[in-house]
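Student: One structure is given below, represented as C-alpha cells, and several questions about it will come after.
The values are calculated or read from the model by the stated rules, or taken from the named source; none is laboratory data. Predicted model only: the values in this text are computed from it and were never measured. Reconstructed Cβ throughout: ideal geometry from the backbone, glycine too, with neighbour counts over all protein chains shown.
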Amino acid sequence: MKIIKYLLIAIVAGLVGASLQAGEFKAGKGTFLLNCEPFVVKAAELHYPRIPKEYWEQRIQLCKALGMNTICLYTFWNAHEPRQDQFDFTGQNDIRAFIKLCEKNGMKVILRPGPYVCAEWEMGGLPWWLLKKKEIRLREQDPFFMERVDKFQKAVAEQVADLTIADDGPIIMVQVENEYGSYGTDKPYVAAIRDMLRQNLGNDVTLFQCDWSSNYLNNGLDDLIWTMNFGTGANIDQQFASLKERRPDSPLMCSEFWSGWFDKWGATHETRPANEMIAGIDEMLSKGISFSLYMTHGGTNWGHWAGANSPGFAPDVTSYDYDAPISESGQPTPKYWDLRKTLAKYMDGEKQSPLPALIKPMAVKEFEFDEVAPLFSNLPAPKTDTDIRTMEEYDQGFGSILYRTTLPELTSQALLTVSDAHDFAQVFIDGKYIGKLDRRDGERELVIPPCRRGALLDILVEAMGRINFGRAIKDFKGITDKVTVTVEKGGHKWVDDLKHWQVFNLEDSYDFYTGIGEFLPLGAFTTGDDGRLPRGVYRGTFNIKGKPSDTFLNFETWGKGLVYVNGHPLGRIWEIGPQQTLYMPGCWLKTGENEILVFDIIGPREARSEGLKEPKLDQLLVKNRQAHRKEGETLDLTADKPVAAGAFKPGNGWQEVKFEQPASGRFVIVEPLDAHDGKELAAIAEMYILDDKGDRLSREPWKVTYADSEDVDANRTADKTFDLQESTYWQTASGVPFPHSMVIDLGATHHISGLQYLPRMEADVPGAIKNFRIYVRN
Ligand code: GLA
C-alpha cells in the first residue's frame, strides 16, 4: 500500500513538475505574455522552401543577430503534398527540422499553416490537383476542400504538434487562414479552420487572425487575437485605431510589416526606402507594438513555385529578394545594418548576437552549352481528345502543354481565337511560327495566313505560376475552353470550333527534360531568321576549381523557360526582365563538373552563361508595358456633366461619395482637381464603385483605358486602384499639373450610385485628393 502511495505521489509530482516546466503564451492586457511576463514579438518572416536547407541555420542566425526574437513562417501545402495523399516533409520540406533550428538558436516561432498563404507562391500554397475537381469551391466549406485541408493539417500536426510552447517547444502562436478579408466574408469557414487547428494542436495553442484594418471585422472571430498587416510608411496609429476602439485591451501586432515588395515579369524592380521601414519599426517598438517583418529574408521561388497576381495576370519573377534587409542570397544589405542599429535600442539589456559567417559569392567563367534536344523533334507520345481540355484534366500540374490539330482549307486570312491560353501560347502552322498570345496582355486572337486543308496547327502553351491572390486563385492552365477559326466570306462570318486534338504533356521535371529524347551537338544548329536557336532542352557543363560558393547565373542571351543545375530546379527565366540572373547557391554545386539544363520555349540567341558575383534583378528589357495613355492622347471632358463633384476629407482611411442620382454607364472617370497638400501629385490606393443598391461591384473585369499621368517607373500605374492591395497605389508622375484624370472600363454597363476611395496609407497622405469630379460614360 505504502509503495503504491509513494508511487502515486511521485507520479503527481512528476506531472506537476512537467506542467510547471511547460510554457505559456497568451494575450494579456495591452501586451502579449510569455510565461506571465510581458513580451513584444519581434519576428522575422522566413520561408523554409525558399532557402536552401544547407543555409537555414545561417539565415536564422542572421535574423537573430538583427535583434529579432521570433521566426514567422508559413507552411506550403502544395510543396508538402505535391500529389494527393503523397506527403513530403523531407529535405527542403522538413519543417520540423527548420523549427528545431529556430529553437536551437533561441528563437520563438509563429506558425502560419494556411491552408492558403498567398505569399506570391503558386496558387497561394494550395495544391494544383484540387482543380481536378472542376467545380471545387476553394477556401470555402466545400466538402472535398475541407476534407483535404483536414488531412493536410493533421499531417502538419504530426510534424509540429509537440513543438508548441505548451510542450515546452518554440511555437508561441498559430495563425488561422490568411487575410481572409481580401477573399470574402465567411465566418463559419474561418471558424472551421480554427477548430481544426485546435483539434490538431491542442486547445492551449494561442490562435490569431491577420487582416487589414479596413476589413478585419468581416471575419474576425470573438475568441481569436486580431492582428493587422500593413506596409512600411503606413500611419501606424491609424492602422490600429479601429482595433483599439473595439478591443482596448488587446495587444497590438502588425503581423506583416512589408519591408519591400515582390517583382513581376515585365515590370520595374520594386524597392522600398529603408528609412520608412526603420521609422515604422522604431515607432512600433517605442509603443510596445509587436511585429513580423515580412520579409526579413525573402529567398527564391525555386522551380515553378512563383505565383502570379490578379486582377489581370501578373506572374511573379523567380527571385523573392523583396528588397528585404537580408538579400536573396543571404547578404546583409544597408537596410539590415540600419535596422540592426535600431533594434539595438530594444534589447532589454541583452546584447545582440554576432553575425554568422557570410558567404562570399564567386564568379564562374563564361561557358558554352554543348547540346540540345529540339522540342518539336522530341515530343512525347500524345493523348488524343475530341475536345480541348485544361492541363489539370490531363493530370498535369506544371510545365508546358502542346495542343495539335489540323486546319480546314483557308483560302484567305482567318482569325484564330484561343479562349483562353494560360499563360503564354505560341502558335505554329506546319511548323512555322505565326505568333504568340500573352495572357498578361489579354491576347486571345491571331490572324493566320491561308493554308492547305489538313495543315498542322500547333499551340504550345506554357503555364506560369497560378494566381495566388483574390478569387482568381482558381486558375486552370493550358487552354481553358476552346479554339476557333473565323473566316469571313461574302459578308458572313463562319466559325469553326476546332476538335480532334493530339495533346503532348511536357511536365516540368528534371526527369522529363533529361529523358526527352535525342540530344545533338549544338554545332549542328544555327540561328533562324528570328536570331534564335531552336526551342528545346539545352545541356551543358561548367567547371569549378576549388570549393564552390554562391554565384548568379546570367541568362541575358536566353529566351523564356526553366533552369536546372545538378538536378536542382533554379527557377524561371524570361528575357524581358527585370530579373536576368538566377541565384545559384554554392551548396548545390560541386568541385569539378556541374551539369546545367535549360528548357527554352522561345529559343536562346546564344547558348552560353557565366556566374556573376552580383545579381541582375532590375534590368527590364521591354518598354514598361503598363502606361495607360498613348503618346499624345488627351481626354476632353468639357461636354460631360459630372455625376458627382465635391471635396474629400484630409487624412487616411476609406471615404465614400454617394451620387445624387444613380447613373448608368460602362466607363467611370475620376477627375482629381487638386490635392490637400497643395502639391501637384494625385494618388489613389484603392477604389470601389457601388451599384444601385450600394454594394461594391466586382472589380474582376475592370480595365484602365486612360490615365493622364502615371509614375510608371515606380509601378504606380492606374490599375493599382483595383489590385486589392492597399499598400500599392496609382500616383501621377511629378511635373504633371492638375487636373488629373483616369478612366475605368467596368466591362459592362452598370447602374452606379457611388464610389469609395482610399488614399495612401502614410500619415502625411501624399497625393490626397481634395476637390474632385466624377463622370459616367457609355
Ligand atoms: C499579404 C499576404 C502575404 C504576401 C503579402 C505581399 O500580406 O498575406 O502572403 O502575399 O501580402 O507580399
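Student: Can you name every residue in segment 563-579 that is touching a residue at least 60 places away in the same chain (Cβ under 8 Å) and either on the phi > 0 side of the Ramachandran plot or in contact with an Asp or Glu (Cβ under 6 Å, 6 or more places away or on another chain) (or both)?
Tutor: GLY571, GLY577, PRO578
Student: Of the numbered conditions (1) within 12 Å of the ligand (Cβ to nearest atom); (2) surrounded by 22 or more Cβ atoms within 10 Å (Cβ to Cβ); (3) among the aromatic types (Phe, Trp, Tyr), PHE291 fails exactly one; give the number of that condition.
Tutor: Among (1) within 12 Å of the ligand (Cβ to nearest atom); (2) surrounded by 22 or more Cβ atoms within 10 Å (Cβ to Cβ); (3) among the aromatic types (Phe, Trp, Tyr), the lone unmet condition for PHE291 is (1).
Student: Now, a different point. I'd like the residue in segment 449-476 that is in contact with a Pro (Cβ under 8 Å, 6 or more places away or on another chain) and away from the ligand (no atom under 15 Å from the Cβ) and, out of all such residues, is farthest from PHE145 (Cα to Cα).
Tutor: ARG453
Student: Restricting attention to segment 51-63, and to residues there that are surrounded by 22 or more Cβ atoms within 10 Å (Cβ to Cβ) and touching a Gly at 6+ places or on another chain (Cβ under 8 Å), which single residue is nearest to PHE262 (Cα to Cα)?
Tutor: Filtering first and then ranking leaves ILE51.
Student: Looking at (1) within 16 Å of the ligand (Cβ to nearest atom); (2) under 26 Å from GLN61 (Cβ atoms); (3) in contact with a Pro (Cβ under 8 Å, 6 or more places away or on another chain), find the lone condition where GLU103 falls short.
Tutor: (1)
Student: Which of the residues that make up segment 294-314 are within 14 Å of the ligand (Cβ to nearest atom) and assigned to a strand (DSSP E or B)?
Tutor: Within segment 294-314, TYR294, HIS297, ALA306, ALA308, ASN309, ALA314 qualify.
Student: Please find, within segment 128-152, the residue that is farthest from the ligand (Cβ to nearest atom) out of those that are under 21 Å from the mean Cα position of the chain (by Cα), in contact (Cβ under 8 Å) with a residue 60 or more places away in the chain and not in a helix (DSSP H, G or I).
Tutor: Going through the qualifying residues, I end up with LEU138.
Student: Pick out the one residue from VAL117, VAL156 that is at pLDDT 95 or above, touching a strand residue (DSSP E or B) at 6+ places or on another chain (Cβ under 9 Å) and under 28 Å from TYR394 (Cβ atoms).
Tutor: Details: VAL156 fails: under 28 Å from TYR394 (Cβ atoms).
Only one candidate passes the filter, namely VAL117.
Student: If you check GLY125 against the conditions, is it farther than 22 Å from LEU224 by Cα, within 16 Å of the ligand (Cβ to nearest atom) and either within 22 Å of the chain's Cα centre (by Cα) or in contact (Cβ under 8 Å) with a residue 12 or more places away in the chain (or both)? Before you say what the answer is, go through the steps one by one.
Tutor: On the way: farther than 22 Å from LEU224 by Cα: yes; within 16 Å of the ligand (Cβ to nearest atom): yes; either within 22 Å of the chain's Cα centre (by Cα) or in contact (Cβ under 8 Å) with a residue 12 or more places away in the chain (or both): yes.
Yes.
Student: Now for a different question. Counting only residues that are more than 16 Å from the ligand (Cβ to nearest atom) and either charged (D, E, K, R) or touching a Ser or Thr at 6+ places or on another chain (Cβ under 9 Å) (or both), how many does segment 177-199 have?
Tutor: 5
Student: Go through the residues of segment 533-543 one by one and say whether even a single one is over 24 Å from VAL461 (Cα atoms) and out of contact with any Gly (no Cβ under 8 Å at 6 or more places or on another chain).
Tutor: Yes, there is a match, as at least one residue in segment 533-543 is over 24 Å from VAL461 (Cα atoms) and out of contact with any Gly (no Cβ under 8 Å at 6 or more places or on another chain).
To keep it simple, each residue is scored yes or no on (1) under 27 Å from ASP430 (Cβ atoms); (2) among the acidic types (Asp, Glu); (3) exposed (fewer than 13 other Cβ atoms within 10 Å of the Cβ).
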| position | (1), (2), (3) |
| --- | --- |
| PRO361 | no, no, no |
| LYS365 | no, no, yes |
| PRO374 | yes, no, no |
| ASP385 | yes, yes, no |
| ARG389 | yes, no, no |
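Student: Being more than 20 Å from THR732 (Cβ to Cβ) and under 34 Å from the mean Cα position of the chain (by Cα) is the filter here, so list the residues in segment 658-676 that pass it. Steps first, answer last, please.
Tutor: To start, the set of residues in segment 658-676 that are more than 20 Å from THR732 (Cβ to Cβ) comprises 658-666.
The answer is GLY665, ARG666.
Student: In segment 200-218, which residues are farther than 17 Å from SER292 by Cα and either more than 24 Å from the chain's Cα centre (by Cα) or in contact (Cβ under 8 Å) with a residue 40 or more places away in the chain (or both)?
Tutor: Those that are farther than 17 Å from SER292 by Cα and either more than 24 Å from the chain's Cα centre (by Cα) or in contact (Cβ under 8 Å) with a residue 40 or more places away in the chain (or both): ASN200, LEU201, GLY202, ASN203, ASP204, VAL205, SER214, LEU217.
Student: Here's a follow-up. For segment 237-249, which residues satisfy the criterion of being more than 16 Å from the ligand (Cβ to nearest atom) and outside any loop (DSSP other than H, G, I, E, B)?
Tutor: Matches in segment 237-249: ASP237, GLN238, PHE240, ALA241, SER242, LEU243, LYS244, GLU245, ARG246.
Student: Which condition breaks for TRP77 when tested against (1) in contact with a strand residue (DSSP E or B) (Cβ under 8 Å, 6 or more places away or on another chain); (2) surrounded by 23 or more Cβ atoms within 10 Å (Cβ to Cβ)?
Tutor: Condition (1) is where TRP77 drops out.
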